[in-house]
Each structure stands twice: as C-alpha cells, then as structure tokens.
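**Student:** Before I ask anything, let me first share the structure, which is written out below as structure tokens.
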Amino acid sequence: MVNAAGSGYSRWRDSAVTRWREDPVGDGWGSYLLLRDEESGAAWSAGLQPCGIEADACTATLSDGHVSITHRRGTLTGVLDVAVAADHDVELRRITLTNHGEGPREITLTSYAELVLGPAAADAAHPAFSKMFVQTEWVEQDRGLLATRRRRAPDEAEVWAAHVAVVEVDDDGACEFETDRMRFLGRGRTLRHAQAMQAGAALSNSSGCVLDPVFSLRRRVRVAPGASVRVAFWTALADSRAAVLALVQTPRADGACAQVFAGSVAHAIAEQARLGINAVQAGRFGALAGALLYADRSMRAPAGMLERGRGGAPVLWSCGISGDRPIVLLRIGAESDLARVHEVLLAQRYWQSKRLGVDVVLLNTAGSGGDPLQAALNERAQAQNACLKAEPDAVPVAVFALRDSTLSDALRAGLATAARIVLDAADGLPDPASGDRDGDPAASVPMPGDPSPTSQAAANDAVSAPSITQTPREFDNGTGGFIESGRAYAITLDGDRCTPAPWVNVIANPGFGFLVSAEGGGYTWSLNSQQNPLTPWPNDPVSDTPHEVLYLRDEDSGELWSATALPIRVPAATYSVQHGKGWSRFTHAAHGIEVALLQFVPPADPVKLSRLCLRNRSARTRHVSITGYVEWALGANGSVTAPFVATSRDAETGALFARNAWRAEFGERVAFIDLGGRQRSCTGDRLEFLGHHGAVDRPVALTGNIPLSGRIGAGLDPCAALQTSIALAPNEQIEIVFMLGDAASRAEAQALVGKYRTADLDAVLHDMRAQWDAVLDTVQVRTPDRAMDILLNDWLLYQ
C-alpha cells in the first residue's frame, strides 16, 4: 500500500513485510524514499513524508494498479511511480528526476524500510522481541540486500525478502547499503532528521544479525541540465533464498519497469471486469479503504453513540462477529434500498481482492413487516459468503445479516462503536472525495479565566542562566556515574549527545508506575503494565520518542522547548539527569530560564507527579506558557485503541479525563491529567495539537499565541493537553505540578486530583524515600569491591 504522502506498507501472504501502525496524524508507515542534494546537503522525501518539508508543488494520483507522486523543489522535479507486478511477488518504486536548472545536480537517492517479515500483531505487541529474529545479508554479485526471519520451529513458514536498486542508464553499480536502524537514524533521532541523511553522511555497509533491521540502499546520480534520470528500487518476496534471488534478476532486463507498470494496470482492469465493477466504482472503493485503515470520524457513528459501546470485541461474539477485522455497518430500512446492499457487497469483494479483510454487517432497521426484507438480506449474505470463501488463498471475511429489533442494547451500541464505516442505505454509498460528510463536531469546552496577555517585545536575555554544578561521580564513564554514596545515578547530556541506549528508571508503587529515560522517553501504566498502559510504550531504543511532554514557550520571542532533552532540545543547553530510588530529576538552563523537573509516584496512590520549577535568570520579566501533553493508550500494548478513547473535561476540577470503555478489562477506569488547577485552555484532539503530519518535536498548536481550542469528546485521535501562562519577574521562581493518573471511577479521579493539588509534596517525597530506605537498608554488605557494594546494597535490589 502507498498513500498520497509517499509512505508505503507491504504485506506478503500472512506476513507484514514492513512496519506500520495506525496513526492518522503522523502517518506511521514504514517504507519511504529519501533524496539529498550533495552540493547543499539539503534532504527531502519523494512525497510529503517522512521529512515533512514543504515543497513548491506536490501532487498525487492514486489509481487502481498504479500510484504516481510528483514533487517539485526549485529546479528539480521528482516523479515517484509505484506498482506491484501482476505475475510475481515484486514491488517496484521508480523515481524520475528532471533538472530544469542551468547547472548539473548531484543527487543521492536512499530507500528506507523497517522490516518485520512476520505477523504484524506479534510485532506490534513486542517489537523489540520481534526484531531479534530478522537477519540481513549483502549479496555482492547481485548488488542487493537479503533478509529473512529465522524460524523458531521447523514447521514455521520461511519468508525471504530482497531489495535492489537499478539506475536505468549509465549504471556504474556503485551502491551503499544499511541494515541497522540505529546506524541509519542515530540515537535519539527520527526519520525526519536521520543521521544518515545529514550532509556528507555515508551508509555504513553493515549487515548480519542486527538488533533493529531495515532495508536501505543508496544510489548517487548526476542529472544534467534539461535531462532526466531514472532509478528503480525493487523489493521481492519468496519462500526460499534461491527463489527470491531469482526474482531480482528481472529488474536488470531491458524494459522491466515498463512491463511491470503495464502489467499492473492490465491486472487491475481484469480484476475489475471479473468483479463486475467499473473504474469509477474502483476509485470510490479504494478511497473508502482509507477509513478502514485509519479511523475517520466523518465515516463513523456520531460521538454520542461511540461513547455507549462497552466491553470490547466479546460483545460482538454473540452474533458471530470476531471484531478482529474492520467492520462496515449498513442500515437498511426498506426493500427499495437493496441496490445499495449490492454496491457495498461489491466493495467488500474488491477489498478482499486487495487482501484487505473487511466484515460487512447488514442491519435491517425496518419495523413491523420487515420479514421480506430480512429474507432478502439473508439470501444475499449467504450468496456473498459462499463467493468470498470460494476465492483461492483469499483473506477471510464475512457478511452478517442482522435485525435491529432483535439486538440487545449492548450489541447495538457495540456494532456502532466498532464499525469503521457506518452507512444508511437510503443515503447511498458516500464519495470520500466530496468531503460532504463531516459527522458530528466534537465538543469544545471553555476554561476558566483568560490567558495572560503577551508582550510584543522580544529582546535578547542580558543575563544568561548559570551553569549547573557537577557533583563528583563514582565510576564515571564520561556520560554518567554514581552520586550520593552510590544511591543515585547522574547523567550529563550536552550538545546533541544521548546515552548509548535509553538509560531508564523504573518508578512504581505496587499498583502504578512509569518508566523514564535520561532523555525523557518512557511510558506510564496502572495495575498492569502490558494490558493497561496509560500512554503508549513504543519499545524503541533508537528514537525513544516521548508520549508525555511538558512544553515551555517564551510568549515574547516564540522560543519553544521541553523540560527534558526530548522532544525539543536546546543545542546550547547542558542537561543534567539524576535517577534515584523512586524518583528522577531533570535540570537544565535555556533561554535565560532554569528548569528543574522532579518526577515520582506516591507510596500508594495511582498518580505520577511531575513537579516543575522555573526560575527566571534573565534581567527582564518573562511571559512563559506551560503545556502538559500526553498521548493516550488505554489498551493492551500493540493494540489499536485510539478510535475508542473518549475525552472529557471534569466540571468540578477542570482536569481532563479519558476513558476507553470498549475493552473487556479496565473499561470502567478513568485516566486523567491536571496542571495543578492552573490550566487555562485544553484540547483532547491530537490532530489539532500536532497538526497533520505533525510530531511531538514541532506541535502546530504551540507555534502561535492562540489558546488550545477546548475540543474534546469521542471519535477524535485522542490526546490530552492542558496549558497555562505565567509571568516571571527577574530571579523569581514558580512551581507547577503536572499530574497523570488513573482511577477506578470518575469520583475517585476527582478525589485524587483534589488531594494532590493541596498535598505537601515534600512530605509525599519523604514518605516515598523512607519506604525505599526501609526496604533497601534492611541488609547492607561491605566487600573489598566498591562497585559490588553499590550494586548489592542498592541497585540490584531496587530493580
């Protein structure tokens, strides 16, 4: 699959070839094509993603069997054509570069794909484990990369992938390659600013048993003025090494690309004829597939209905629906609407032909006298199911004919909640391109008070913040060492340096906890770290992208940064991190402001406390906005929960609440965030906060002085963000507490918010430390080896 932004995702039989997650904001697909100008060092992508750099022009044409994306930057135009061979398991991505300038251009083209080569669900649930079994290889004679997943049992199917790049004219064969994602991205970086795409950076030509596998090939071309150059990137799949190597011999034949493009289009036309649909219908069905892959609020049930669903997929089992596949729910109220049923069933067969499994529920909403309609629906469902099962090697799908009057309220609400597309036969099948189906708007709630007025004056800070004092460290390795007689560990991050891998602290009481890395990544859970995470656990040791952020913004100058080194780092700042038993502290000085963040959990309550202290070290009054942001998980690691999370603002406390009732366990629990009661604006809409194709390192909502909209409810891509503004006089200090927690009920959440708004946090911290001291100091050992003493007396027991 390829979308209009240039992102790709591949499947082969029952295996995911590349990584993908449902992320309608940031894209989330795992296969791209990147470009770099060798003279200027500027890097961009063949489509809008992943670099997200604005182009002079970018257009996409998505047709059945062929995708074409045109991207123009200055005097260079790139046309990316994508197709799948009709007669072989081969994907082709060909880019045509045309130089409209007066001088030659030296351009490198770099492919990038994150490899899975196994079940997508297993990879999503535990990606670090899944990655361990993929092995890569460079085949010199074929100038290409191979990858396979090492089998864990003799009866497990083999999956082999090959990747080659061919310059269609004057190919000198010179090629760089990379299969290690850590080397390609660089620690603490994302694909948007990958280390391998920096000016002059080369690929390492590494392969073998890497911990985080990718396919990346790089070819360098010279494009003369007025000329064009074509480079084709081929990916093949097979069930043996010999078979996949045989497939990659084809790309070097004359006219191979033209044959694939012509064959793919011809195959698509033949499939349309076989299914009995025309090109217009195929276009509509293909466009509707976007709402099946990404939850689209405009295609789903109204927000009020979405909040009624309870219990998750088991609610659907009583009528035989698994809930494992996307659902299209079609309501039919009269026999005259049966023509619409035929069209939806055609769409289901079309999607199945593309190996996209979609269940269809035909819901008879006719009142008394609806028996003839039900008989007709039953007949069509039986015929469709027989046809769907007759397709050789097809993905399993089904049609269900139900009568609304016989459904329980729980099942009726469950169907509406689970369905990705909800249609009324009387209205016909919607045209996604028309944009005339907006759905119910989510609620916007006002916040008390007005944001502080901002000053138009932006002056340089005359007094810079003092440097942070370095505490003497034991066993210092240049990045970190033990302090406080071995009872804490201190890390220093300066420039763009990160720790070699995420150095995390596990901070928890018996029922609640969180992980936090030196850079600020990690996640939070309640009761069960795998089944009830509050925020996502991406388990990514390379990028370590945080999903819980405290943002700081100078309202006069517009400078934006974060309280931790990630996601928005100030290059000139030095970040000091201390991990202790039950707490972590982050300090730095930037833009004339000292920042200190202390994070811990109380001894018993399910709350993460983030105590933020700001001190103005400049010579002028500072106007600063503070924004606390979290992306909600509220479901088992690796599962798709965003379509089912509903957010609300609690009228009593002003805190933001979130709940995912569409799950069998923990569905009654209420997660919450609070900014010490000082919040002045809020949002529960991640699209609003980050922006389309946005990311946490550049949220669009924080690019101006506009308060958050107050948009909350069901059917959004959910998040929680609270914002306040403060004025800091020279040398003045202020403290704000950001809370993230989870409770058994709304009343309990309200009580926790109220308790920790007024609590003596020094006393809470003292009780937590005393609890750990009581555990760790019970037995102390002394040996001739100081390192052993530190580990035995503190850290091994604590972990």
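**Student:** For region 663-668, in order, what is each residue's ³J(HN,Hα) by Karplus, 6.51 cos²θ - 1.76 cosθ + 1.60 with θ = phi - 60°, in whole Hz (x at glycine and Pro)?
**Tutor:** Using θ = phi - 60°, the values come out as 7, 5, 10, 6, x, 8 Hz.
**Student:** Accessible area per residue of the chain at 1.4 Å probe, in Å²? Spell out each step's value before the answer.
**Tutor:** Values: 32180 Å² over 799 residues.
On a per-residue basis, the chain sits at 40 Å².
**Student:** Same structure again: Quick check for me: using +1 on Lys/Arg Cβ and -1 on Asp/Glu Cβ, what's the dipole size of region 642-799 about its Cα centre, in debye to the nearest 20?
**Tutor:** Numbers: 15 positive and 21 negative charges, 116 e Å.
Dipole of region 642-799, to the nearest 20 debye: 560 debye.
**Student:** Taking the dipole about the Cα centre of the chain, with the C-beta of Lys and Arg at +1 and of Asp and Glu at -1, give me whichever of Thr136, Ala744, Val577 is farthest to the positive side.
**Tutor:** Checking the options against the dipole of the chain, the answer is Ala744.
**Student:** Got the relative contact order for region 57-204 handy, in percent, Cα pairs under 8 Å and 6 or more residues apart? It would help to have the intermediate numbers written out before the result.
**Tutor:** Numbers: 180 pairs, mean separation 14.9, N = 148.
Relative contact order, region 57-204: 10 percent.
**Student:** Compute the Rg/Rh shape ratio of region 705-756: radius of gyration over Kirkwood radius, all on alpha-carbon atoms.
**Tutor:** Values: Rg = 15.4 Å, Rh = 14.5 Å.
Computed over Cα atoms, the ratio is 1.06.
**Student:** Lys/Arg Cβ at +1, Asp/Glu Cβ at -1, dipole of region 4-162 taken about the Cα centre: which of Leu109, Ala153, Ser31 is farthest positive-ward?
**Tutor:** Ala153
**Student:** Show me the ranking of peptides 91-103, 665-677 by mean Cβ neighbours inside 10 Å, starting with the highest.
**Tutor:** Values: 91-103: 17.8, 665-677: 21.8.
In descending order of packing, they fall as 665-677, 91-103.
**Student:** To two decimal places, what compactness ratio does region 278-403 give when its Cα radius of gyration is scaled by 2.2 N^0.38 Å? Spell out each step's value before the answer.
**Tutor:** Working: Rg = 14.8 Å, N = 126, 2.2 N^0.38 = 13.8 Å.
Region 278-403 yields a ratio of 1.07.
**Student:** With +1 assigned to the C-beta of every Lys and Arg and -1 to the C-beta of every Asp and Glu, and no other charges, what is the dipole magnitude of the chain about the Cα centre in debye, to the nearest 20? Don't skip to the end; give the middle numbers.
**Tutor:** Numbers: 74 positive and 93 negative charges, 58 e Å.
Roughly 280 debye for the chain.
**Student:** So which lysines pass the test for Lys354, namely a Cα distance under 30 Å, with those fewer than 8 places away in the same chain ruled out?
**Tutor:** Result set, ordered by chain and number: Lys131, Lys389.
**Student:** Moving on to the next point. To the nearest 20 debye, what is the magnitude of the charge dipole of region 55-113 about its Cα centre, counting +1 on the Cβ of each Lys and Arg and -1 on the Cβ of each Asp and Glu?
**Tutor:** Details: 5 positive and 8 negative charges, 54 e Å.
For this selection, approximately 260 debye.
**Student:** Here's something else I'd like to know. Please give the peptides 787-798, 743-754, 418-429, 515-526 ranked by average Cβ packing (other Cβ atoms within 10 Å per residue), highest first, as a rough proxy for protection.
**Tutor:** Details: 787-798: 15.9, 743-754: 17.7, 418-429: 19.4, 515-526: 25.6.
Ranked from most to least packed, the peptides come out as 515-526, 418-429, 743-754, 787-798.
**Student:** Modelled label-to-label distance, Asp767 and Ala313, 7 Å Cα→beta-carbon offset: nm?
**Tutor:** 4.1
**Student:** Mind ordering 206-212, 775-781 by average Cβ neighbours within 10 Å, highest first?
**Tutor:** Numbers: 206-212: 16.1, 775-781: 10.4.
The most tightly packed comes first, giving 206-212, 775-781.
**Student:** Rounded to the nearest 0.05, what FRET efficiency is calculated for Val700 and Ser298 with R0 set to 30 Å and r the Cβ-Cβ distance? Show your work: numbers first, answer last.
**Tutor:** Numbers: r = 21 Å, r/R0 = 0.69.
In this case the efficiency is close to 0.90.
**Student:** Looking at Ser298, Phe666, Ser557, which one has the Cα that reaches farthest to the positive end of the dipole of the chain (charges on Cβ: Lys, Arg +1; Asp, Glu -1)?
**Tutor:** Final value for the positive-end residue is Phe666.
**Student:** With an 8 Å cut-off on Cα pairs and a minimum separation of 6 or more residues, tell me the relative contact order of region 569-650 in percent. Write out the running numbers ahead of the final one.
**Tutor:** Values: 95 pairs, mean separation 13.3, N = 82.
Normalised by residue count, the contact order of region 569-650 is 16 percent.
**Student:** Kyte-Doolittle mean at least -1.0 and Cα extent at least 20 Å along the axis: which DSSP H helices of the chain qualify?
**Tutor:** Those that clear 20 Å and a mean of -1.0 are 256-275, 279-293, 338-353, 371-390, 761-776.
**Student:** Give me the log10 of I(q) over I(0) for the chain at q = 0.08 Å⁻¹, as the Debye formula computes it from C-alpha points; what are the numbers?
**Tutor:** -0.76
**Student:** A follow-up question, please. Which lysines does Lys608 reach when only Cα atoms under 20 Å apart count, and residues fewer than 8 places away in its own chain are ignored?
**Tutor:** Lys581, Lys755
**Student:** Please report the Cα spread of region 518-640 along all three principal axes, rounded to whole Å, starting with the longest.
**Tutor:** Principal axes ranked by extent give 49, 30, 23 Å for the Cα atoms.
**Student:** Taking region 283-322, how much of its Cα-Cα pair set, in percent, is spaced more than 17 angstrom apart? Provide the component values of the computation, followed by the final result.
**Tutor:** Values: 407 of 780 pairs.
The answer is 52 percent, as a whole percent.
**Student:** Over the chain, what percent of the accessible surface lies on carbon and sulfur atoms, probe 1.4 Å? Could you put the intermediate results ahead of the total?
**Tutor:** Working: 17040 of 32180 Å².
C and S fraction of accessible area: 53 percent.
**Student:** A follow-up question, please. Taking 8 Å as the Cα distance limit and 6 or more residues as the minimum spacing, I'd like the relative contact order of the chain as a percentage.
**Tutor:** Details: 1829 pairs, mean separation 84.9, N = 799.
Normalised by residue count, the contact order of the chain is 11 percent.
The values are calculated or read from the model by the stated rules, or taken from the named source; none is laboratory data. The structure presented is a predicted model; accordingly, all values stated were derived computationally and were not measured. For neighbour counting, all protein chains shown are included, and Cβ atoms are generated from backbone atoms with ideal geometry for every residue, glycine included. Accessible surface areas use protein heavy atoms only, side chains included; no ligands, DNA or RNA. Shrake-Rupley method; radii C 1.70, N 1.55, O 1.52, S 1.80 Å.
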